[in-house]
Each structure stands twice: as C-alpha cells, then as structure tokens.
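This report refers to the structure that appears directly beneath it.
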2 protein chains.
Amino acid sequence: MTAVTIQCCAPIAREPLSETDAAELAVMLKAVADPVRLRLLSMIGSHAGGEACVCDLTDAFDLTAPTISHHLKVLRTAGLIDGERRGTWVYYRIIPEAVNKLGALFAPLTEPASSRPGELELTPA
Amino acid sequence: MTAVTIQCCAPIAREPLSETDAAELAVMLKAVADPVRLRLLSMIGSHAGGEACVCDLTDAFDLTAPTISHHLKVLRTAGLIDGERRGTWVYYRIIPEAVNKLGALFAPLTEPASSRPGELELTPA
DNA sequence: CTCCTGTTTAGACGTTTTTCGAAGTAGTAC
DNA sequence: GTACTACTTCGAAAAACGTCTAAACAGGAG
C-alpha cells in the first residue's frame, strides 16, 4: 500500500505547482508538519542501523503509546516510513525517496541541480 | 516582525531533532502543508520579477478573497513570504532563506554541513 | 492453556484549522 | 468631500487534528 509518487515536481519556485501535485505534496508535508512526527522521523532516520523500535521512540516523549502509534501511522500512510514486526517488536525505517522528494521541492534555484554533487539519484520508478 | 531563525538544523536523518527545533520547524512546515498555500508559494516564487500581486493569486482559486488573504498571512507569519503595498496593489515575494532552510532539512546526508559555503550567519539561540 | 509485554485500533473530547460573509482600512479617481 | 477598487480583519460554522482511555491484537514465557 501507500503508493506514493516518488518524484513529481520541480522546485517550488521554478513553476506554479499544479492543483494535483500540490494536493499530493500537502499530504506528505502535513505528515511532517507536527513537532512530534518531525522528531519521530528524525529519530528513526538517525538511529543506528537505519531503523528504530517503537519502544525506543515512545520513551522519548511525554505521550501515551497509542498517541505515538497514531503519529507513526500518519507518517506511514504518507509514505515517509515503513514498519516491520520482528518478533515482539516493531521496527520503523525511513523511506529515503520520499524525504528526497521534499528536499527537491525546496531546493534553491540559484544553482542548477547539476552543480550539487550527488544531489539525487532518484529517477522516477 | 516575523523573526525566524534562518538556519538551525542538520538534515533530518543526521541526528535527532531537539524538541525546540522540531517545534520551530513544525510552524514553518505547517504553513506549507496546505494545497492552497503550497500553490500560492509556488505562484509567488515562480512569478516574473520574483513577486506577485494578490489580485493575480486570488483569481487562480475558487476561494474568496478573505480566504486567500488568510493563507497569505499564514505564510507571512511563518516567515516564508513578505508583502509590500505599492499604490493600489499588494505584492508578495518569497524569502529564499526560509525556503532553503526547509530544503536543508530534507537534504540527503551525502555531504557534511561544513562543505556548504556561507549558508548562514545565525547560530541557534 | 493463561499471563504478560508491546503495539494498534476504536471512540470520545477539546483545540485548531479552513472557509465564509460582513465590515473595516488603504488608496485612486472624480 | 463621495465613490469605487484592492485587500485585510472580524466573527462564526464545519471539518480536521492531537490526545486520551479502554479494548483488541500479536507474540513470547511459564
């Protein structure tokens, strides 16, 4: 599930976003536009091994487990993370293509993308 | 007004975001996490001359003028755009540093922050 | 099997957001 | 001055959101 287009749009200042692209990007941005989810994403992404257990994440907040679970679901539905159960615990990992898509959206127009070394290797699937 | 820290954070996957940084970034992301505001930002940024009149923007939507005005205010409060009245019309323009900040947040981890030239002069509070 | 821990789902409640119509402010033209 | 246009502010209604508690589900241990 969670079918998300990996690459769709030029940087925001290159040309006006279409209604469709804007709607799709807004879903992803809305997922990230919350302090708790931002921190969750950052914790998962920066965790050793590239993945983090829900149990690790829950302890870092003053929130109940269901609330954390809800936020993780929002991130997962938006296509930003993916989760997998291994035995007792569930591990989440970032989906880099999705994050790169956001990075590309806000990339500066000043220098052509070519001058940034390995900016994005992602070509649309 | 609209005092916004220009640079505060490493890419999201480098290290866990602090509670403070996450809260601050979430404000900016929330401003951008709406289809209408995304399109407004894109229209302003890609408009010839780097600025757009509210009258141009309003016509592109099926929304009333007060609603567009509200969205523009949200973007302005978040520090993403700036507006100026010249005679009869009000013109808005993007604040590139703010957009770059978002781009940096979602940038891939390939190069260490030190290799980006004089990105910014402000250190976090 | 039962019990315990980790995680998700369901439902409820208060807060925030999006939108509108109506009224207010800023500026030009007459 | 009045009249007209451009834009913003105000106040209200509906929808979406974040959080909780309670209950369900998944898996390991006894």
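The values are calculated or read from the model by the stated rules, or taken from the named source; none is laboratory data. In this text, all values refer to a predicted model and were calculated from it rather than measured experimentally. Counting neighbours? That spans all protein chains shown, and the Cβs are built from the backbone with ideal geometry, glycine included. Ligands, DNA and RNA are stripped out before the accessible areas are found, and what is left, the full protein with its side chains, is counted by its heavy atoms. Shrake-Rupley method; radii C 1.70, N 1.55, O 1.52, S 1.80 Å.
What to note about this one:
- Rounded if a/c under 1.5, otherwise prolate or oblate - segment A:19-105, Cα gyration tensor axes: prolate
- About the centre of its Cα atoms, segment B:19-106 shows a dipole size close to 160 debye [charges on the beta carbon of Lys, Arg (+1) and Asp, Glu (-1) only; nearest 20 debye].
- In the assembly of identical copies, B:GLY50 has its label point, taken 7 Å from Cα in the direction of the beta carbon, separated from the corresponding points by 4.0 nm (ascending, one decimal).
- Take the accessible area of chain A alone and of chain B alone, subtract that of the pair, and you get about 2900 Å² summed over both chains, using a 1.4 Å probe.
- Cα lying deepest toward the dipole's positive end in segment B:19-106, options B:ASN100, B:PRO66, B:LEU29, charges on Cβ: B:PRO66
- Label-point distances for A:ASP62 to the equivalent site in the other copies, using a point 7 angstrom along Cα→C-beta, read 4.4 nm when ranked shortest first.
- With its label point defined 7 Å out from Cα along the Cα-to-Cβ axis, B:VAL90 lies at 4.4 nm from the matching points of the other copies, in increasing order.
- Amide H contacts for A:HIS47 (H built 1.01 Å from N in the peptide plane; partners 5 or more residues away or on another chain; cut-off under 5 Å): none found.
- Cross-link partners of A:LYS101 among lysines, defined as those whose alpha carbon lies under 23 angstrom from its own and excluding same-chain residues fewer than eight positions apart: A:LYS30, A:LYS73, B:LYS30, B:LYS101.
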